[in-house]
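The values are calculated or read from the model by the stated rules, or taken from the named source; none is laboratory data. Please read all numbers here as calculations on a predicted model, not as lab measurements. Surface accessibility is based on the protein's heavy atoms, side chains included, excluding ligands, DNA and RNA. Shrake-Rupley method; radii C 1.70, N 1.55, O 1.52, S 1.80 Å.
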Amino acid sequence: MAEKILIASGKGGVGKSTVTSFLGKTMADSGKKVLLIDSDTGLGALDIMLSVADKKMSTWIDISDGNCKAENALITISDNLYLLPSPATYPETIDEDVFVKITKECENDFDIILIDASAGIDENLKRAAKPCDRAIFVATADEISVRCAAAAAYETEKFGIDRTDMRLIINRFVKKAAIRSRLLDVDGVIDKSGVRLLGIIPEDKKIPYSSVTSVLPAKKSSFCKAIKRIADRIDGKNIPLNLKELK
Ligand SMILES: Nc1ncnc2c1ncn2[C@@H]1O[C@H](COP(=O)(O)OP(=O)(O)OP(=O)(O)O)[C@@H](O)[C@H]1O
Ligand SMILES: [Mg+2]
């Protein structure tokens, strides 16, 4: 049965969808069968990030409305990687248990289901969190983003995920900038978020344009290595944090 993991942040634009897509690819490459669910209603991004936006797509609202079965709505990205896209417009009503029902329908066919949350700490987060066994919060190393991640963790606890099942990813990390400026250092982020660290992903200039140019960071780049270490840690491997590799 699939493990269901929420990727959330509270604050927008810190890298939830980027982390979801690259983690998904990396896990799929290592042999896991992975489903990515874009829960970001009306503002979905995973179809573009995974270069399938031009395909005719059913979305989770079609499943919820009874217009199609989950198995027919999933888009194949690669051998082991599938996407359930989000509706392009915000529906008038959304079943609070939509992702509970859909993940129940799919969980026997997958090893991992990653649910990409929208920004915010409202009912959208609740819907995305409800079926999940654990949560990963993405924050950048600045005070506002970390406060938002802490708020999202606080709300997510109310939605049923235990704090011991929560982890933090620091994204877009630039070590020199964190030291020189008023950005928080790694210890500061962990202390202020109140969530245990899962990994640190460095800033990589190729990422913002990768879905347009199809030029991805090389497998041996700091970015890809960081994602791989995070995937391995989620898989239960004991991979020490390696701050030396960060820029
Ligand atoms: N490690 C990184 N290095 C460089 N750019 C990054 C990195 N991670 C994310 N980005 C860029 O940051 C921007 C926001 O990323 P993304 O869309 O994944 O954030 P998000 O949290 O999902 O946003 P939203 O809250 O709108 O859903 C994008 O332009 C993305 O390419
Ligand atoms: Mg997003």
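Could you tell me how many cubic angstrom of Cα convex hull volume region 3-234 has per residue?
Hull volume over Cα atoms, normalised by residue count, gives 114 Å³.
What order do PHE159, PHE137 take when sorted by accessible area (1.4 Å probe), most exposed first?
Largest accessible area first, the list is PHE159, PHE137.
Per DSSP helix of 4 or more residues, -39500 (n - 2.57); summed, then divided by the residues of the chain. What does that give at 222 nm, rounded to the nearest 500?
About -10000 deg cm²/dmol.
Too long at a 27 Å Cα-Cα cut-off: which of LYS69/LYS228; LYS205/LYS237; LYS25/LYS205; LYS11/LYS33; LYS101/LYS225?
LYS69/LYS228; LYS205/LYS237; LYS11/LYS33; LYS101/LYS225
Using a 1.4 Å probe and ignoring any ligands, DNA or RNA, find the accessible area of TYR209 and quote it in Å² to the nearest 10.
Approximately 140 Å² of TYR209 is accessible to the 1.4 Å probe.
With the Cα gyration tensor of region 82-169 giving a ≥ b ≥ c as the square roots of its eigenvalues, does the rule (a/c under 1.5 for rounded; else a/b larger than b/c for prolate; else oblate) give rounded, prolate or oblate?
Numbers: a/c = 1.78, a/b = 1.40, b/c = 1.27.
Prolate.
Leaving out ligands and nucleic acids, note down the accessible area per residue over region 3-234 with a 1.4 angstrom probe, in whole Å².
With all protein chains present, region 3-234 gives 46 Å² per residue.
Roughly to the nearest percent, how much of the accessible area of the chain is carbon and sulfur, given a 1.4 Å probe?
Result for the chain: 50 percent of the exposed heavy-atom area is carbon or sulfur.
Distance between Cα centroids, region 116-159 to region 24-67: provide it in whole Å.
What the calculation gives is 20 Å, centre to centre.
Based on the alpha-carbon gyration tensor of region 39-112 and its eigenvalue square roots a ≥ b ≥ c, which shape applies: rounded if a/c is under 1.5, prolate if not and a/b is larger than b/c, or oblate?
Oblate shape, in that a/c is at least 1.5 and b/c is the bigger or equal ratio.
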